[in-house]
Structures are given as structure tokens and as C-alpha cells.
Amino acid sequence: MVDSSETKNKPLPSSSSSSGMFKRLAAVPLLVLLTGLIFEPIKPQPPKICGTANGPPVTSNRTKLNDGRHVAYVEFGVPREKAKNKIIFIHGFDACRYDTLKVSQELLEELSIYLVGFDRPGYGESDPDPKKTVKSIATDIEEMADNLQLGPKFYVIGFSMGGEAVWSVLKYIPHRLAGAALLGPVANYWWSGFPANVTEEAWNVQLPADKWVVWVAHHFPWLTNWWNSQKYFPSSSVITQDVRIFCPNDLQVLHKWGGPARAAYVGQIVQQGNHESLHRDMIIGFGSWDFSPLDLENPFPNNEGSVHLWHGTEDLIVPVHMSRYIAQQHPWITYHELPTAGHMFILGEGMGDTIVRSLLGQD
């Protein structure tokens, strides 16, 4: 069992600078824009949609949504028709349906759990969604749950960018939830309601290259494809797998993320194109939202379910500060802050079982 602390009123970090974080990024240099316009294509290539003449083959189970798009999924645990607990896992950035939380078969059977991982739009073998919004991932999940006949209530667990998506689920379909867990959820630095010192402290943990990537995705979304494709300036450290984004604890468990098992499917992750997967993730995740997590109300006022937020204190990819503040403002969130852990804490021995037991109230 991994040690975790439930923190409700932990002091906020002090601001590292009196100036606002965005003042230092007043404008994209004209030279950068001109270089992009002249030497690199800004318009992304059309996606290679799975199952079409020029696209990759369909190898997975898929379900069709009302707008005609297909969602690919993979199932774990006990058969869904026999399961007492149904969990939908939302994968993170540059990942796919196979990158679900690792839960032991023993626990899946003990607690009668059906666990399904799915490809978010544009990833793996799920069709791209050029109309993707903050809300659409929630409605996609609801439709998929109905197509798979998961019943009126189900659990959701989201990691990283998938954790950010859980806020959308809590906003738009809280009536369908039995419970929710957010694991190192990505934060949008432009969400309303956060004190400047909290946002700036988190912002300054990022590598300089990632500050630019995030800033461009928010202010110039049409330039995101070029920015992450050009060779003149550093692009996303996550896409380039810069080792500096991993803390010591991450490096100790990172081998579990790779290996022969993942090598067998890693080529599928962005096979339909980087823009409809990675780049659109950034554009939506760091774009303008019509709500902030701070606006949310308790989805379980009668304690008929629970919301858990897990975050490592040494996370260099998604700094802990904004998660900590959200938990302080929402006493209905059970907050687990993991000392010395980084972004990849989910790979820790037995961590998947610990998270699921807590969510289902069996810890």
C-alpha cells in the first residue's frame, strides 16, 4: 500500500515573482511567425483515418457514436454483464486504450470490476473529432457507456490529460457517475478563480520550451501544428521525451511504461496523425474553457459516491500547485498528495490497486 496523505488545508506556495507569468510572454516574436509562414506548413496534413482506403487497419473492438464516429476500446476484469462495478479509464497525452491503470486480476475479481480503456478521439483507432470541445469528451463517454450497456452509473478514472478530462465529466454528466478519480490531472493556467501566485508557481516549474508550447496552444491554436513540427525552436518536452521532465522517482519506475508489451502497440498511438491526437489535445486542454474546476459543485451531496484527486509533490510535468488549491477549495474532494512522487506515480508497485480500492471505498 502506497502511503498517501489527505490534505485539505495545506498552505499555498509563495509566489516566486511579483510580475505576472504572462508579462514575460508578451508576444510571439515576429521572426518566429514569419519563419513559420515562409518555411513550414501551418495547415496540418489530413488525418489517416482507420478503416479507410489510405488509413491504418481496424484491429480492435469499436462502438459507433451518434455522429458516426467510432471509439475503439479494450476490456479487462470480469464480464461487463456480471460486474458489480464498472470503471472507464481515460488515458493521458500521447497514449492509447492499452495504457490503462494497472489493476491486479485478483482485485478485479475480488471486487467484481469491469474495466474498459478507450482511445480518445484521434488516438489509436478512434476516429478524430475535428469538432472536439471541452464538453465533447464527456458526451463521448456517456454514449460509449450506453452502447456498452454499463448501466445508469459508472466510475471514471483519468490520468494526466485524461485527468483533466474528468473535470469535464464532473461538469456535464455528474448524474451518471458512481465516483471519479483524477490522477496527476493536467491544469489549464487560464482557468478562472486561481490566485496569481498559485498559477505562477506552477507555471515556473515547467521547462522553458513547455511554457512556449502551452502559451502558443492557448493564444495561437492555429499555430500549434507548426510549433510542434518545426526544427528552429524547442517543442514539447513530452513529445520529444526529454528526460528532464522526470523526477528521480519517475526514473525509477519509468521502465514499466516501456518494454516489449508497449512496443507492440506504441506505433498505433498517433498513427492517424499528430494533429488530431497530440496537437488537438493541447488546443482543447489549454484553450478557453467555459468553466473552471473551482466552479464545480459536489456531485455526491448525499455521500452516494466520492471524488479522489491524486498528485505527486515532485511532478515536473504537471506541477502539484493547482491540484492542491482545487482540493483546498472543494472539501468534498478526497485529496491524496504523495510525498516525493512524480507524474508517473501510477506505475508504483500496487498503486493501481490502491487507487481503485480507495475509489470503491474498500481501502
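The values are calculated or read from the model by the stated rules, or taken from the named source; none is laboratory data. Treat the numbers as computed from the prediction; the structure is a model and nothing was measured. Positions of Cβ are backbone-derived with ideal geometry, glycine not excepted, and every protein chain shown enters the neighbour counts. Ligands, DNA and RNA are stripped out before the accessible areas are found, and what is left, the full protein with its side chains, is counted by its heavy atoms. Shrake-Rupley method; radii C 1.70, N 1.55, O 1.52, S 1.80 Å.
Going Cα to Cα from Lys102, which aspartates and glutamates come in below 14 Å? Please leave out same-chain ones fewer than 8 positions away.
Within the straight-line cut-off, Lys102 pairs with Glu75, Glu349, Asp353.
Across region 209-288, what fraction of all alpha-carbon pairs, as a whole percent, falls in each successive 5 Å bin from zero upward?
Reading the bins upward from 0: 3, 14, 21, 20, 18, 15, 8, 1.
P(r) for region 160-307: what percent of alpha-carbon pairs falls in each 5 Å bin, starting at zero?
2, 8, 14, 18, 19, 16, 13, 7, 2, 0, 0
Would you mind getting the accessible area per residue of region 224-295, heavy atoms of the protein chains only, 1.4 Å probe, in Å²?
48
Per 5 Å bin, what is the whole-percent P(r) computed from every C-alpha pair distance within region 34-121?
For region 34-121, the binned pair fractions read 3, 12, 16, 17, 16, 11, 9, 7, 4, 2, 2, 1, 0 percent.
If I take R0 = 22 Å and measure r between the Cβ atoms of Asn204 and Leu251 in this structure, what FRET efficiency does the formula 1/(1 + (r/R0)^6) give, to the nearest 0.05?
0.50
Helix hunt in the chain: which complete DSSP H runs extend at least 15 Å axially by C-alpha with mean Kyte-Doolittle at least 0.0?
Once both thresholds are applied, what remains is 161-172.
Can you tell which of Gly193, Gly273, Gly77 shows the greatest fluctuation in a Gaussian network model of the chain with Cα springs below 10 Å?
Gly193
If the chain between Trp332 and Ser292 were fully stretched, how many nm would it gain, using 0.36 nm times the residue separation less the Cα-Cα distance?
Length difference between fully extended and current span is 12.8 nm.
At a 1.4 Å probe, what is the % contribution of carbon and sulfur to the accessible area of region 224-360?
Summing carbon and sulfur atoms, their accessible area is 52 percent of the total for region 224-360.
How much length is gained if the chain between Ala196 and Trp222 is pulled fully straight, taking 0.36 nm per residue apart and subtracting their Cα-Cα distance, in nm to one decimal?
6.7 nm
So which residue, out of Val318, Val214, Val253, gets the largest mean-square fluctuation from a GNM of the chain using Cα contacts under 10 Å as springs?
Val253
With N set to the number of residues, divide the alpha-carbon radius of gyration of region 159-233 by 2.2 N^0.38 Å and report two decimals.
For region 159-233, the normalised Cα radius of gyration is 1.33.
Can you tell me the equivalent ellipsoid semi-axes for region 259-328? Use √(5λ) from the Cα gyration tensor, largest first, whole Å.
After diagonalising the Cα gyration tensor, the semi-axes are 30, 18, 15 Å.
Where a Cα-Cα gap under 17 Å defines reach, which aspartates and glutamates qualify for Lys211, not counting those fewer than 8 residues away within the same chain?
Within the straight-line limit of under 17 Å, Lys211 reaches these aspartates and glutamates: Glu200, Glu201, Asp242, Asp281, Asp315.
Which whole number in µm²/s is D for the chain by Stokes-Einstein, with the Kirkwood Rh taken over Cα pairs at 25 °C and 0.890 mPa s?
For these conditions, the coefficient is 117 µm²/s.
So what are the radius of gyration and Dmax for the Cα set of region 103-227, in Å?
17.1, 49
Once you have a ≥ b ≥ c as the square roots of the Cα gyration tensor eigenvalues for region 70-158, tell me rounded if a/c is under 1.5, and otherwise prolate or oblate according to whether a/b is larger than b/c.
Verdict is prolate for region 70-158.
At a Cα cut-off below 29 Å, give the lysines reachable from Lys48, other chains included and same-chain residues fewer than 8 away excluded.
Candidates past the 8-residue exclusion: Lys64, Lys131, Lys132, Lys135, Lys231.
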